[in-house]
Amino acid sequence: QVQVVESGGGSVQPGESLRLSCTATGNIFSIVAMGWHRQAPGKQRELVALIQPGGNTIYADSVRGRFAISRDYAKNAVFLQMNNLKPEDTAVYYCIADLQEARGTVPVDYWGQGTQVTVSS
């Protein structure tokens, strides 16, 4: 079994920073990609940031230049440093790990349970 667990959410004021962490544990052969999505009330879940194989990063236009994604490959972890937070960043943030449980298998997406980020004055 695989578990993906996020931490680091909270309530902050506009302009402040938060750092989200996520770790994948369990029966993991290889992690292909890790990233973050978010879902605000009444909106669809959207990609925030992703680290692809080889280290290539993808960011949503709304967070580029303010958020930074990074990975600790040895610990199967991914981080999201969020700076200059805005009220529109308020959402539940979900970690995703695209991984193989065994050699030769098709990678499968595993999601965390989500962590709330609230930006309000």
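The values are calculated or read from the model by the stated rules, or taken from the named source; none is laboratory data. Quick caveat: nothing in here was measured; it's all calculated off a predicted structure. Heads up, the Cβs are rebuilt from the backbone with ideal geometry, glycines too, and the neighbour counts pull from every protein chain shown. Heavy atoms of the whole protein, side chains included, go into the accessibility calculation; ligands, DNA and RNA do not. Shrake-Rupley method; radii C 1.70, N 1.55, O 1.52, S 1.80 Å.
Considering (1) free of Cβ contacts under 8 Å to residues at least 24 places away in the same chain; (2) open to solvent by less than 60 Å² (accessible area, probe 1.4 Å), the lone condition that GLU46 does not fulfil carries the number (2).
Residues in region 10-41 that are at pLDDT below 95 and farther than 12 Å from ASN76 by Cα: PRO41 alone. State the number of residues belonging to region 67-121 that are open to solvent by less than 50 Å² (accessible area, probe 1.4 Å), under 22 Å from LYS43 (Cα atoms) and of a type in the set (Asp, Glu). Within region 67-121, residues that are open to solvent by less than 50 Å² (accessible area, probe 1.4 Å), under 22 Å from LYS43 (Cα atoms) and of a type in the set (Asp, Glu) number 1.
TYR59 - would you say it is among the aromatic types (Phe, Trp, Tyr), open to solvent by less than 50 Å² (accessible area, probe 1.4 Å) and touching a Gly at 6+ places or on another chain (Cβ under 6 Å)? Against the criterion (among the aromatic types (Phe, Trp, Tyr), open to solvent by less than 50 Å² (accessible area, probe 1.4 Å) and touching a Gly at 6+ places or on another chain (Cβ under 6 Å)), TYR59 does not qualify. Taken together, the residues in region 98-121 that are aliphatic (A, V, I, L, M) and closer than 16 Å to ARG38 by Cβ amount to 2.
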